[in-house]
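Below: one structure, written as structure tokens.
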Amino acid sequence: MLIRPMRDDDIGAARALTHEELQLSRSATRPASLPAPPAGPPTPDWSGRWERRAKHLLRHDAEGCWVAETDGEVVGVAMSLRREKLWGLSAFFVHPQAQGAGVGAALLDAALGYSQGCLRGIIISTADPRAARRYRLAGFTLHPTIRVAGTVDRSAIPVVDGVRTGGPGDQDLCASVDRRVRGAAHGVDHEFLCAEYGLLVSDTFTGSGYCFVDPSGSPVLLAATSRKIAQRLLWAALAVSPEGADVHVDYLTADQEWAVDVALAAGLSLRTEGYLCLRHMRPPAPYLPSGAFL
Ligand SMILES: CC(C)(COP(=O)(O)OP(=O)(O)OC[C@H]1O[C@@H](n2cnc3c(N)ncnc32)[C@H](O)[C@@H]1OP(=O)(O)O)[C@@H](O)C(=O)NCCC(=O)NCCS
């Protein structure tokens, strides 16, 4: 087995093995992973976004992206990023037939090499015990997470003031909220997120915040300087959801009760799954991390 830097021409194989693994994890006998691609063959939407994200990371974080190769085949991938003094793991998958044999340990070691000089680290873990074992052994604290899903009770949506549509010009505002809440801005990821998702912004006398939201009304990334503003932004995101759409709010630690309360009021249901894994930092709050950009 060879661990080597990832290249652009590995993206298709890495995407395919990730898709295969996520499809397997849908079955009851395997730990679930979110956000999962739609059941069946990869949809152009899911594949396209996965590949654009991988290209973005290879462009900005080439030293953080690694693959494992056996007999010329890509059998594992780890992609990590570094934003200011924060390191994060964006993707970590080993082909189902190669799992449990040390490939993941070697890939994670390579990706962690890119964390040198960073003060803090962040990973979102699935419920897979192999992943949790790797992260704890690498010194991360495992914070169990709540995941919320369902369809929004539209009669519960309040009138939300002080939230507007944002765009690339809001990068400074978002960066300053990020630094205050999680100690590092998202930098180049802001542009990527603006191109892929809607952006809601709140900037008032009492504080500010932002939320990237997907077309289903699910928040992709949210940060705010107060719980009140975070709740407003989350309601504004849920209000975007089309009638009957499946909405999810992921990776909530107990520190995000403001979000749990909104979710319950919106008629969504809670379950526990996976961990927010942090090194040298407390869970940022009020904050909903992005699985890909943390
Ligand atoms: C998580 C993942 C990337 C790890 O890769 P891997 O090649 O399986 O990892 P390794 O073999 O290096 O390490 C797995 C560890 O868990 C242990 N392990 C294996 N099966 C296990 C089980 N059922 N329960 C608990 N531990 C288990 C192994 O012994 C090993 O520990 P050790 O090195 O201390 O002996 C891979 O399993 C995977 O793709 N899982 C599904 C997708 C996923 O959840 N990815 C994580 C995204 S956050």
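Note on the stretch 255-294: residues that are in a helix (DSSP H, G or I) and either touching a residue at least 60 places away in the same chain (Cβ under 8 Å) or more than 21 Å from residue 244 (Cα to Cα) (or both) total 8. When the stretch 92-102 is limited to residues that are surrounded by fewer than 20 Cβ atoms within 10 Å (Cβ to Cβ) and within 7 Å of the ligand (Cβ to nearest atom), the one that is nearest to the chain's Cα centre (by Cα) turns out to be 99. Filter the stretch 214-234 down to residues that are surrounded by fewer than 24 Cβ atoms within 10 Å (Cβ to Cβ) and assigned to a strand (DSSP E or B), then give me how many there are. Number satisfying all stated conditions: 1. Among the residues of the stretch 103-135, those identified as touching a residue at least 60 places away in the same chain (Cβ under 8 Å), under 22 Å from residue 56 (Cα atoms) and within 9 Å of the ligand (Cβ to nearest atom) are 107, 123, 124, 125.
When 202, 155 are checked against the criterion of being without any contact (Cβ under 8 Å) to a residue 60 or more places away in the chain and surrounded by fewer than 19 Cβ atoms within 10 Å (Cβ to Cβ), 155 stands alone in meeting it. Pairing each residue of the stretch 207-223 that is in contact (Cβ under 8 Å) with a residue 40 or more places away in the chain with any residue that is among the hydroxyl-bearing types (Ser, Thr, Tyr) and not in a strand (DSSP E or B), provided the two are 6+ apart or on different chains, yields C-beta distances under 7 Å for 209/225; 212/197; 217/241; 220/197; 220/290; 221/290.
Every number here is computed from the coordinates shown, using simple stated rules; none is lab data. Predicted, not measured: the structure shown is a model, and the values here were computed from it. So basically every Cβ, Gly included, is an ideal-geometry build from the backbone, and we count neighbours across all protein chains shown.
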